[in-house]
Amino acid sequence: QKGQIRVQTENIFPIIKKFLYSDHEIFLRELISNAVDATQKLKTLASIGEAKGELGDLRIDVELDAKEKTLSITDHGVGMTKEEVDKYLNQVAFSGAEEFLSKYKDANIIGHFGLGFYSAFMVSSRVEVLTQSYHEEAPSVYWSCDGSPEFELYEIEKRSRGTKIILHINEDSQEFLEANRIKGILEKFCRFLPVPIYFTEAGEKLDEEQKPINNTNPIWTKKPSELTTEDYQNFYRELYPFGETPLFWIHLNVDYPFNLTGILYFPKIKQSYEIQKDKIQLYSNQVFVTDEVKDIVPEFLMLLHGIIDSPDIPLNVSRSYLQGDPNVRKINTYITKKVGDKLDEIFRNDRPSFEEKWESLGLFVKYGMITDDKFLEKANKFFIMQDIKDNKFYTLEEYKMATETLQKNKEGKHVILYTTDPVQQDAYIQASQQRGYIVVKMETLIDAAFINNMEMKWENVHFVRVDADIVDNLIDKQEKNESVLSKEETEQLQQLFSFELPQLHATVEVKGLSPDTPPVVATRPEFMRRMKDMAGIGGGG
Ligand code: ADP
Ligand code: MG
């Protein structure tokens, strides 16, 4: 037998109400998104001559009446005819936005799923809708529903174009009758929406000078050529009022094969403990979605600040889905590439400035090189190390060239001599320098992890810390480490262990069979552990 599954509406409503969004405050984002959509639709229709007449002030008003226990959202957008109300509101999961998009491509519409409107019932005991379509001849209509499958729908006295939604806030949701709570939600989700939004409380004196709560024209939606350095810096300050001036930024702008705009800032960082993650905010058509961008931005770039806006990232789905989403993966790759290209560009065009910023930049670059092989490939060209003697910077290639004859070990590997503590190791540094060796600084928390990692990733390079015995004889040190295992066996063992422990980002060292050392040692740098903890990624200590 074949047939159709029947849905019992009485049962489905409570489920929608309960599980639609775990966060009840989302209802306001959804209703305002609808108001914005209705306004944008009107603009689209007007631009092609389908909507006629004056558009008027296209503001959105959010009004709170704590006494009456209502919250209302009013727009001057397309409105709905009686037929449309029946089609869009009486039919759960029927998205007018989707329908509109299929007809008028490229319109910046937020809606998708046709469920957003119902989120109103998470916080309301009754929802009323008063609406007038932009089709002037259509009568105004009234719709009301208490969250059961029964509704009222009838014509009312003529209203001006647009829609007013009145929420009667339910007993469990009284928090949404507090002005500060509503302001907080508006600030969070609506800060950069493209239509001006005003918030008023009932009884409040109307203020002629009242300003919208949002910036309708955030700079990431503009063309880079229209923007000045000051614009970027001011916007940074708007986002992070207490932040220091960022080092530089990348304006993202792509419309194929996915749509993405945004600005990523490289913040000034002196110490790795100053790093704050989760500073990137994700938007969809200027609606705030989340500041948890873990799967969208590669881990090492979560150190950046700024905004990513993409309507192509699925918003209301689970994390595990997000990870597998092809768009998300493409976006991740794109951002990594963009950041790599930008660093490369600055390095090539303005090396002095790149070197000047290395103290902060080095952290991103090294972290990226450790965790992302695609990035490593690019970064190999602009990664630099600083000579402790004269502060001169060397790329890997430059260092190799400068030390070609002196600093090679028995296996022909280039030896990079480094210091982790210039004061304590001063005597050794001096001695090394007298021999003509170049000692570079590797003093920060990430350097230990970096060195361990590059030992494996860079062929022909061996890091050696300046120490007594090295200074005496660079080559000797290598010989003392002789293992009873062959080079091949050592490599095999190393690969095997690295393969088994990738999530730890551990460094595997094969010590060989010596009576006083364990044959294989896996070390996980403190730095990586902390970074992981900060990012909330599992793994433990
Ligand atoms: P979506 O926005 O994903 O399409 P919603 O459940 O949020 O789904 O809304 C359903 C539909 O109801 C919208 O697509 C739109 O056609 C209509 N609608 C909702 N709010 C408004 C409004 N303020 N003005 C005009 N139409 C609206
Ligand atoms: Mg919607």
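Annotations for the structure displayed:
- Positions within the stretch 28-59 being more than 10 Å from ligand 2 (Cβ to nearest atom) and in contact with an Asp or Glu (Cβ under 6 Å, 6 or more places away or on another chain), in sequence order: 39
- The residue list 403, 420 contains one member that is more than 19 Å from residue 459 (Cβ to Cβ) and not basic (Lys, Arg), which is 420.
- At least 2 residues being surrounded by 15 or more Cβ atoms within 10 Å (Cβ to Cβ) and touching a helix residue (DSSP H, G or I) at 6+ places or on another chain (Cβ under 6 Å) is the threshold, and among the strands (runs of 3 or more DSSP E) wholly inside the stretch 390-448 those reaching it are 414-419.
- Restricted to the stretch 174-212, and to residues there that are over 24 Å from the mean Cα position of the chain (by Cα) and of a type in the set (A, V, I, L, M), the residue that is farthest from residue 72 (Cα to Cα) is 206.
- A Cβ distance below 6 Å, combined with a sequence gap of six or more or placement on separate chains, defines the contacts here; from the stretch 18-40, residues that are within 29 Å of residue 134 (Cβ to Cβ) and more than 11 Å from ligand 1 (Cβ to nearest atom) reach residues that are aliphatic (A, V, I, L, M) and at pLDDT 90 or above in the pairs 28/185.
- Taken as a whole, the structure leaves residue 73 outside the set of residues that are within 16 Å of ligand 1 (Cβ to nearest atom), over 28 Å from the mean Cα position of the chain (by Cα) and at pLDDT below 80.
- Checked against the criterion of being of a type outside the set (Val, Ile, Thr) and closer than 23 Å to residue 356 by Cα, the stretch 424-433 contains not a single residue that satisfies it.
- Any hit, the stretch 105-122, residues being part of a strand (DSSP E or B), more than 10 Å from ligand 1 (Cβ to nearest atom) and at pLDDT below 95: no
- Cβ pairs under 9 Å, 6+ apart, first in the stretch 160-176 and over 25 Å from residue 56 (Cα atoms), second among the charged types (D, E, K, R) and modelled with pLDDT under 95: 168/146; 175/25; 176/25
- Within the stretch 414-464, the set of residues being within 20 Å of residue 404 (Cα to Cα) and acidic (Asp, Glu) comprises 455, 459.
- Of the criteria (1) without any contact (Cβ under 8 Å) to a residue 40 or more places away in the chain; (2) closer than 24 Å to residue 345 by Cβ; (3) touching a strand residue (DSSP E or B) at 6+ places or on another chain (Cβ under 7 Å), which one residue 386 fails: (1)
The values are calculated or read from the model by the stated rules, or taken from the named source; none is laboratory data. This structure is a prediction, so every number in the text was calculated from the model and none was measured. So basically every Cβ, Gly included, is an ideal-geometry build from the backbone, and we count neighbours across all protein chains shown.
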